[in-house]
Amino acid sequence: PGHNSLIQHTTGSGKSSSIGWLPHLLTSLYKTGTDARRIFDSIIVVTDRVVLDKQLQNTIMQLEQTKGVVGKVESGSRQLKDFLKSGKDIIVTTIQKFPYISAEMTKLGSRSFAVIIDEVHSSQSGENAKHLKKALSQSEAEADDTPEDYEDTLLSEIAARGKQKHISFFGFTGTPKNKTLELFGTKHPDGTFRAFHYYTMEQSIAEGFTLDVIRNYTTYKRYFKLIRKEGEDKEVPEGKAKLAMIQYVDSHPETIERKAAIILDHFTGKASKMIGGKARGMVVVRSRMHCVLFFKEMVKQIRMLGLPWSCLVAFSGKIDYEGMEVTEDSLNRENGLPAGVSIAKGLKDPKFRILIVSNKFQTGYDEPLLQAMYIDKKMDGIQCVQTLSRLNRVTAGKTDTFVLDFINGIEDVIEAFQPFYTITVLSGETDPNKLYDIETELLHYHLFSKSDVEDFCRAFYTARTTDEQLQPYLDRVVKRWEELGDEEEKHGFKSQIQSYIRLYGYISQIVTFKDPGLEELYIFLKYLNRKLPKNSGERVNISDAVELESLRIQKLGETRGTLVHEPGVVDPISAEAGGRIEDETELLSEIIKKINEVFGQQLTEEHKIMFRNVRKRLHENETLQKFMAGDNSETNKRKKFMEILNATLLSYVNHQFDFYQKLEDPRIKNLLVDEFFRNYGKGEYGENSMYQ
């Protein structure tokens, strides 16, 4: 006991089974064959999500040989406390339950524990980890009613954060962060930190246990042009206005309609036929509101197409949509999901083939039938790897996967995956002296002194002190902060506070500090950080000031993401505070002009007139009208449409060669055919058409 081990097993390769077997093996682990006492008295399996908790409980219970060995914590922290005190062999729980029992636990310091953590990169936040160790460490001597003096209390808090001689941690992850490697990894003579055991993404793909999810990657890009409505040309913060305009376009009904059509066109035409016609798709969107917008639009289009299946939606909480409060449950029930049936189970029903998600089902979700993913969200690093890896599960008939991405470039995706393709290595350890550097920076603001910190902590650790009695210590600092004239200085102070809290919470798990002042400052800053006003940030509303004049969503190409055989090297955690540059203001009309230069189409007004004429000629072509109205297949209709369109475009070759040349670009040609074919037959040539 007392040693940590990191196991880097790639996502989807059977990590849950490994975690399921490990606690059973550890219950029969002895130092020698003659020992009567096991090395570990109890094995605790910890996750940080309820969904994963249930999955692991089921996996571990299935491997149980003797009834009663495994204790599932299903009724709160009280049950966890009882299991620990009674010495239950294997306990499965979430880390969030430990803070509620750590102050009450007694007589555990004499026992030894193995703590197995799934997705360790996200489970070991400073305070949760401290409470877990504290709950498993308090001895009977520490549990009496004798009040400790201030220094003893402070030192026991410091000790509770560091490594414990009677607790061994076994951390599992496929995507280790720098923190994870330093906390749980093995330090090598060259100063690097590495996992104790590996089963890499590269090996898993080569051996056929998982699929390469970036092998078939298609990217799209949207181009648009905005115009300013009539009215005053007001000044607004440029950065925020640009962001608001992008959000306006990406939430516009026309954008949602186009993207939904592209998704359904691909899924019905290709993806749905995979895995013997059982394949499922997932749409990953940027917000809960976008979940609702995409769901409504896709349900509408699915019904218009007469498809025999529909979609489900997954997001947390409630959303106000068109004056009504909607939840994932209300939307799914309206769309035919029976009451009491979970989303995961519902997606197995042939009636539901696509799941639309926002920050749900992107980690820990295991559905082998998931074959295609459609991304409308910026993703970086571990989130990108975890999300796309939902596709990598193998099953009979599944030989590949497909990703269609409206936002991220393939280069960004490769950059996210590369550190976790083979082994991941931490280049060095974090320097604890960085804490003193931040402390010095904070004191230079002259908003509090070391004696202020000590006075607060003495009151904090006095049992009789109420929350209300602590406030004056903090109010004095907040008042001085508010009197700072410079907004940049205010922001800098808050950034340094957050850097210290983050760094101390992390380093104190590795190093047991001898300086109580660092713990005092940590406690003080944690409470001060909550007391300081949050950055509200002025929001810019431009929805009444701009209009979407034109839009096109263009396929950039199909690519095969290629990763290289080399270790992924990550650097230690940084202590640098994030700065903030004050946003400059600019006239709305100038901002629109800049946006259009980046995202607009290189089409003149004359070109737009020609587009309308081409479309008008198509609608007036009697041969095409009869063929489209006849009993012909969609494939033959599209073929005939292409034939008439090509003849129409050819008429421009002599007197409008520049226009003809633009349209012969395969990317524009494909877009043009899709757009004209999709809008064929709509009145007034499609008032929302990009060519209108």
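The values are calculated or read from the model by the stated rules, or taken from the named source; none is laboratory data. Because the structure is predicted, anything quoted here is derived from the model rather than measured. With ideal geometry, Cβ positions are generated from the backbone for all residues, glycine too; neighbour counts draw on all protein chains shown.
Name the strands (runs of 3 or more DSSP E) wholly inside the range 363-463 in which the number of residues that are at pLDDT 95 or above, under 22 Å from the mean Cα position of the chain (by Cα) and within 30 Å of residue 346 (Cβ to Cβ) is 3 or more. Explain how you work it out, then say what you get.
Numbers: elements: 370-376, 402-405, 424-426.
By residue number, 370-376, 402-405.
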### Task
Among the residues of the range 355-380, count how many are closer than 22 Å to residue 399 by Cβ and hydroxyl-bearing (Ser, Thr, Tyr).
2
### Single residue of 271, 314 found to be in contact (Cβ under 8 Å) with a residue 40 or more places away in the chain, of a type in the set (Gly, Ala, Ser) and in contact with a helix residue (DSSP H, G or I) (Cβ under 6 Å, 6 or more places away or on another chain)
314
### Message
Is it the case, given these coordinates, that residue 541 is polar (S, T, N, Q), at pLDDT below 85 and under 24 Å from the mean Cα position of the chain (by Cα)?
### Response
no
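So which residues in the range 483-493 are in contact (Cβ under 8 Å) with a residue 40 or more places away in the chain and either among the small types (Gly, Ala, Ser) or in contact with a Leu (Cβ under 9 Å, 6 or more places away or on another chain) (or both), if there are any at all?
Let us first name the residues in the range 483-493 that are in contact (Cβ under 8 Å) with a residue 40 or more places away in the chain, namely 487-489, 491-493.
The answer is 492, 493.
Residues that are under 21 Å from residue 434 (Cα atoms), in contact with a strand residue (DSSP E or B) (Cβ under 7 Å, 6 or more places away or on another chain) and modelled with pLDDT of 65 or more: does the range 563-570 have at least one? Quick ask: steps written out before the conclusion?
Step one: list which residues in the range 563-570 are under 21 Å from residue 434 (Cα atoms), which gives 570.
Filter once more, keeping what is in contact with a strand residue (DSSP E or B) (Cβ under 7 Å, 6 or more places away or on another chain): 570.
If we keep only those that are modelled with pLDDT of 65 or more as well, we get 570.
Yes, some residue in the range 563-570 is under 21 Å from residue 434 (Cα atoms), in contact with a strand residue (DSSP E or B) (Cβ under 7 Å, 6 or more places away or on another chain) and modelled with pLDDT of 65 or more.
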#### Entry: Members of the range 36-48 that are modelled with pLDDT under 85 and exposed (fewer than 12 other Cβ atoms within 10 Å of the Cβ)
36
### Query
Checking residue 328 against (1) over 20 Å from residue 299 (Cβ atoms); (2) in contact (Cβ under 8 Å) with a residue 12 or more places away in the chain, which test does it fail?
(1)
### Task
Quick one: in the range 503-525, of everything that is buried (at least 16 other Cβ atoms within 10 Å of the Cβ) and either touching a strand residue (DSSP E or B) at 6+ places or on another chain (Cβ under 8 Å) or among the charged types (D, E, K, R) (or both), which residue is modelled with the lowest pLDDT?
519
### Summary
Selection from the range 66-83 of residues at pLDDT below 80 and either of a type outside the set (Lys, Arg) or assigned to a loop (DSSP other than H, G, I, E, B) (or both) yields 66, 67, 68, 69, 70, 71, 73, 74, 75, 76, 77, 80
### Message
Exactly one condition in (1) surrounded by fewer than 14 Cβ atoms within 10 Å (Cβ to Cβ); (2) in contact (Cβ under 8 Å) with a residue 24 or more places away in the chain is false for residue 449; which is it?
### Response
(2)
### Summary
Across the range 312-334, the tally of residues that are in contact with a Leu (Cβ under 7 Å, 6 or more places away or on another chain) and either over 20 Å from residue 348 (Cβ atoms) or among the aliphatic types (A, V, I, L, M) (or both) stands at 3
### Task
Name, by its number, the condition in (1) over 19 Å from residue 281 (Cβ atoms); (2) out of contact with any helix residue (DSSP H, G or I) (no Cβ under 7 Å at 6 or more places or on another chain); (3) not small (Gly, Ala, Ser) that does not hold for residue 351.
(1)
